[in-house]
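Where a number appears in this text, it was derived from the coordinates with a stated rule and is not lab data. Note that the structure is predicted; figures quoted are calculated from it, not measured. Reconstructed Cβ throughout: ideal geometry from the backbone, glycine too, with neighbour counts over all protein chains shown.
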Amino acid sequence: MRSSKHIVLLPGDGIGPEVTKAAQSVLEKVAGTFNLALTFEERPFGGAAIDKEGRPLPPETLSACEKADGVLMGAIGGPKWDHLNGEDRPEGGLLALRSGLGVFANLRPVAVPASLAHLSALPPAKVAGADILVVRELIGGIYFGKPRILEAEYALDTMRYSVGEIERITRVACAWSLRRSGRVTSVDKANVLAVSRLWRETASRIARDEFPDVQMNHLYVDNAAMQLVLNPLQFDVILTGNLFGDILSDLASTLAGSLGLLPSACLGGSTPLFEPVHGSAPELAGKDVANPVAAILSAAMMLEEWGEAAAAKCIRQAVEDTLKAGWRTADLVVDGSPSVQTSTFVSEIILHIGRAK
Ligand code: NAD
Ligand code: IPM
Ligand code: MN
């Protein structure tokens, strides 16, 4: 055994448990194939933790995450907990987890291999070869700004970014772009928001002073949304804040074809956290129909973060080959062709991993 890693699983709510189980079984298979020692521990989180322990992020869950080598989250939230406010909500637990771990850099890759461009909601010719990395600031901005007030007659959220917060996420985006094509598009709303003016100024300075080989341009978020649909091939790395990154990454999922395909990594803190971009899709829960790819590719990002590039690549290849061979979960069916259940789809991926080595 080369290395031993301990993983905390946070299945959460809705389709979270199904996709987390899928990712775990793929990790177990790849561990056997690549001689990795992986141990797993499941902890209550989100709505499930509210039901069990009265709060979405029990302290024991956070401390287990802090001690782990990696955390794999499914999804949280649902109508059952929608009457709750702020930090009492499952979503509040997720914000507290990200902030507690200090994972300020959320990497959300969106890749559309030419062979799978026909799955896209957009014309294949427009999206084939698209390969975008959204670098989203994750523990600042309007998600965390104080005060946050909800009164009967008015409500207030505060958007705040410090220079230091903008500098560190800009460095992450620029460093990643150097491993790619060296282009960064910073997205803001500097024509209106003070925070965005500071964002643009700071991002430009870091790129100019510290990354002479990076080419940075700037787009307003409204235009960026349109450009993503109109001409996605123009983008390499997209650098943006918490709220805009949330919105743009769901939008970018239409390039690939489904939100169920997009993984993410939350880095820069005490323990790396890996989570699908999608939510708990309550209407799909318990039906064995959810697309597990986002969770499985999030597990691949975890292996990559640990330096297990070959194992990560094997998972990616198995997912791509399974899709190329025509296997589809229901969300990917564009032309009335048949789909399979989540469990069948996962078995197929596992078979491909078995054949890979
Ligand atoms: P959602 O991402 O759950 O679903 C949006 C759409 O995408 C739905 O049509 C859903 O069926 C589809 N979808 C999502 N994941 C899929 C998958 N793996 N396979 C197939 N189809 C999939 O977003 P929503 O409906 O706006 O929110 C539902 C709940 O999830 C809310 O409580 C929300 O707060 C929560 N949420 C949680 C996370 C998270 O845990 N990281 C992210 C987003 C939303
Ligand atoms: C996401 C989700 C979360 C976010 C919610 C559930 C707090 O939409 O991970 O994209 O907005 O960050
Ligand atoms: Mn989101």
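Annotations for the structure displayed:
- Counted residues, the stretch 226-235 - those being within 21 Å of SER177 (Cβ to Cβ) and assigned to a helix (DSSP H, G or I): 5
- Here GLY307 clears all of (1) farther than 14 Å from LEU261 by Cα; (2) small (Gly, Ala, Ser); (3) surrounded by 14 or more Cβ atoms within 10 Å (Cβ to Cβ) except the condition numbered (3).
- Boolean, LEU248 is within 24 Å of PRO123 (Cα to Cα), touching a residue at least 60 places away in the same chain (Cβ under 8 Å) and in a helix (DSSP H, G or I): yes
- Residues of the stretch 261-296 satisfying the condition of being out of contact with any strand residue (DSSP E or B) (no Cβ under 8 Å at 6 or more places or on another chain), more than 16 Å from ligand 3 (Cβ to nearest atom) and closer than 21 Å to LEU97 by Cα: GLY269, SER270, ILE296
- Test for LEU150: is it exposed (fewer than 13 other Cβ atoms within 10 Å of the Cβ) and touching a residue at least 40 places away in the same chain (Cβ under 8 Å): yes
- Flag for ARG180 being loosely packed, with under 15 Cβ neighbours inside 10 Å and assigned to a helix (DSSP H, G or I): no
- Filter result for the condition that a residue is surrounded by fewer than 19 Cβ atoms within 10 Å (Cβ to Cβ) and part of a helix (DSSP H, G or I), over THR39, THR33, THR20: THR33
- Candidates VAL237, VAL277, filtered to the one that is in contact (Cβ under 8 Å) with a residue 12 or more places away in the chain, surrounded by 24 or more Cβ atoms within 10 Å (Cβ to Cβ) and more than 14 Å from ligand 2 (Cβ to nearest atom): VAL237
- Criterion: of a type outside the set (S, T, N, Q) and either within 13 Å of ligand 2 (Cβ to nearest atom) or without any contact (Cβ under 8 Å) to a residue 12 or more places away in the chain (or both) - qualifying residue of LEU95, LEU101, LEU62, LEU27: LEU95
- Within the stretch 236-250, the set of residues being farther than 19 Å from TRP176 by Cβ, away from ligand 1 (no atom under 11 Å from the Cβ) and within 13 Å of the chain's Cα centre (by Cα) comprises just one member, ILE247.
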